[in-house]
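Notes follow the structure.
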Amino acid sequence: MHVLPMILTGADATTCFAAFAWGVKGHFRSTGEMPVGMKLTSLLSTVLFLVFLWHMRDGVSAFWLAGLALFTASLGLFAAAILASRASPPTLAFDTDQPSFLLLTGPYRYVRHPFYLAYVLFWLGTAIAAHAITGWIAPLLMTGLYVEAATREERKFANSPLAAAYAQYRTRAGLFWPRPRTMIAG
């Protein structure tokens, strides 16, 4: 068992998770009490992260460097999304607010939900770095939650005064992944 890869992987993953936890309290806004869906998402992600750390006691997979790369990409994308939205932070996942603005700069130029993409990259990193097949449960469950949250947000925009602008934005930016032409034109 190699200790350095375990330490690096655990530290990098913990840094990402801590940044995401900060985002919930320190960046995103809420129109009231934290939505139940967000509470459940936070609880499930905490449990799954602890399971990942538990798996780390057995060491890391042979692909731990790929996990580190995904953690780094995740944190970079998260930071870029924070910077792009710092003047107008989005609401928490599962909030029922009516959208009053569109974010179109930074990673929002390419994807409509860069925070969710950052989280998906993180969970993929945990699955790749963990030395357990059960590590793949986390990205599957969490990606399903993020797709549900994004779908709800898409409906909120479609039923808001921003519907036309958002429909046009959808033609340029992918849900979680950039559209090929925007990557070239960007």
*Residues (polar (S, T, N, Q) and within 15 Å of the chain's Cα centre (by Cα)) located in the range 2-56*: Thr14, Thr15, Thr41, Ser42, Ser45, Thr46
*Residues that are surrounded by 17 or more Cβ atoms within 10 Å (Cβ to Cβ) and in a loop (DSSP other than H, G, I, E, B), drawn from the range 91-126*: Leu92, Ala93, Phe94, Asp95, Pro99, Leu103, Tyr110, Arg112, His113
*Which members of the range 22-54 meet the condition of being surrounded by 13 or more Cβ atoms within 10 Å (Cβ to Cβ), among the hydroxyl-bearing types (Ser, Thr, Tyr) and without any contact (Cβ under 8 Å) to a residue 60 or more places away in the chain?*
Ser42
*Does Pro161 satisfy the criteria of being in a loop (DSSP other than H, G, I, E, B), out of contact with any strand residue (DSSP E or B) (no Cβ under 9 Å at 6 or more places or on another chain) and at pLDDT 95 or above?*
yes
*Which one of the conditions (1) among the aromatic types (Phe, Trp, Tyr); (2) part of a helix (DSSP H, G or I); (3) touching a helix residue (DSSP H, G or I) at 6+ places or on another chain (Cβ under 6 Å) does Trp54 fail to meet, given that it meets all the rest?*
(3)
_Of everything in the range 75-90, what is surrounded by fewer than 20 Cβ atoms within 10 Å (Cβ to Cβ) and either at positive phi or of a type in the set (Gly, Ala, Ser) (or both)? Give them in sequence order._
Gly76, Ala79, Ala80, Ala84, Ala87, Ser88
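The values are calculated or read from the model by the stated rules, or taken from the named source; none is laboratory data. Note that this is a predicted model, so its numbers are computed, not measured. Positions of Cβ are generated from backbone atoms using ideal geometry, with glycine treated the same way; all protein chains shown enter the neighbour counts.
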